[in-house]
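The values are calculated or read from the model by the stated rules, or taken from the named source; none is laboratory data. Keep in mind it's a predicted model, so treat the numbers as computed, not measured. When we count neighbours, we look across all protein chains shown, and the Cβ atoms used for this are built from the backbone with ideal geometry, even at glycine. SASA here: full protein model, heavy atoms, side chains in, ligands and nucleic acids out. Shrake-Rupley method; radii C 1.70, N 1.55, O 1.52, S 1.80 Å.
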Amino acid sequence: AHERPSDVSEVEVPGESVLIEKLEQLSSQIESLTTEREELSKELQTLQSFTDLLWEWDDALDQRVRDTFKIMGLAPTEIEGRHSKEDFILVIDGTEITLVVEVTGVDGQIDVWKTRQLIDWVSRLKDSRKVKGLLVGNHYKKKVLNKDTEAFTGDAVEAANAFGLCLISAEDLFHTLCAFLRKQITGPELAGQLISTNGIWKPKLPTSVPVV
């Protein structure tokens, strides 16, 4: 083929402008759909990240616990003078109670020494506010399904009952988040139940891991 003259573009064939307009509309739709797809992908990635509650530990677990409370309308706040990422507080609207939260992930069951760390922080803060300790624990970290053993040892539960602490497994927190997303429980309802519970808090939900 020969090189096209530059001025041939000034010649319009009947129907050309209609096709150009349709192509421009399609380009606009493709751009809009691409943006929507990217947003949906991010939303899906965020939802899927909450399965980290079932197996993560250390900073990754702590962040996901914080994200869970945040999405349920319970905003985490740093403890003044405390630089560990595994401790934070939840100021519960409509009450005088502040939840002091500690997060942990271990290879086996969560033993009493983790409750002692929480008791220490509750003792330090109780002079300035009404506080209650909440220990969120991921037992048998790295394992997702078939965690047949209780998350907390008997000694840990005994200490929690004695000192008014609430214990919740990260697995149960995940089930609770799923219930929240299904509109079966609200953040304030969860907070109220945690505040009123000494020892282990269990959601009244199916024990199998649900499909979100």
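If you count, for each residue, the other Cβ atoms within 10 Å and average over each peptide, how do 141-150, 172-181 line up from highest to lowest?
My ranking of the peptides, most packed first, is 172-181, 141-150.
Could you check how much of the accessible area of the chain is carbon and sulfur, as a whole percent, using a 1.4 Å probe?
Roughly 51 percent of what the probe reaches on the chain is carbon or sulfur.
Quickly rank 98-105, 160-167, 5-12, 16-23 as a protection proxy: mean count of other C-beta atoms within 10 Å, highest first.
98-105, 160-167, 16-23, 5-12
Using the Kirkwood radius over C-alpha pairs as Rh, can you work out the diffusion coefficient of region 1-75 via Stokes-Einstein at 20 °C, viscosity 1.002 mPa s, in µm² per second?
My calculation gives 123 µm²/s for D.
Among (1) 13.6; (2) 20.5; (3) 12.0, which one is mean projected area of the Cα convex hull in nm² computed from these coordinates?
Answer by label: (2).
Return the sequence-ordered ³J(HN,Hα) values of region 98-110 in whole Hz as given by the Karplus equation 6.51 cos²θ - 1.76 cosθ + 1.60 applied to θ = phi - 60°, using x for Gly and Pro.
10, 7, 9, 10, 10, 10, 8, x, 10, 6, x, 7, 8
With labels modelled as points extended 7 Å from the Cα through the Cβ direction, what inter-label distance (nm, one decimal) is found for T186 paired with F163?
The two pseudo-label positions are separated by 3.3 nm.
For the chain, give me the percentage of DSSP beta bridges that are antiparallel, rounded to the nearest 5 percent.
Bridges in the chain that DSSP calls antiparallel: roughly 30 percent.
Could you work out, for region 130-212, what percent of all Cα-Cα pairs fall into each 5 Å distance bin, beginning at 0 Å and stopping at the bin that holds the largest distance?
3, 14, 24, 24, 18, 12, 3, 0
List the residues, sorted by chain then number, that are 5 or more residues from G199 or on another chain and whose placed amide H is less than 5 Å from its amide H.
N161, L165, C166, L167
Check N138: other-chain or 5+ apart residues with amide H under 5 Å from its amide H, H built from backbone geometry?
T104, G105, V106, A170
From the phi of every residue in region 33-50, what ³J(HN,Hα) in whole Hz does the Karplus formula 6.51 cos²θ - 1.76 cosθ + 1.60 yield, where θ is phi - 60° and glycine or proline is x?
Values per residue, Gly and Pro as x: 5, 4, 5, 5, 4, 5, 5, 5, 5, 5, 5, 5, 4, 5, 4, 5, 5, 5 Hz.
Per residue of region 72-78, in order, report the coupling 6.51 cos²θ - 1.76 cosθ + 1.60 (Karplus, θ = phi - 60°) as ³J(HN,Hα) in whole Hz, putting x for Gly and Pro.
Once θ is set to phi - 60°, the couplings for region 72-78 become 8, x, 10, 7, x, 10, 5 Hz.
To the nearest 20 debye, what is the magnitude of the charge dipole of the chain about its Cα centre, counting +1 on the Cβ of each Lys and Arg and -1 on the Cβ of each Asp and Glu?
1380 debye
For region 70-176, what are Rg and Dmax over the alpha carbons, in angstrom?
My reading of the Cα-based Rg and Dmax gives 13.8, 42 Å.
Any idea of the accessible area per residue across region 1-156, 1.4 Å probe, to the nearest Å²?
Accessible area per residue: 66 Å².
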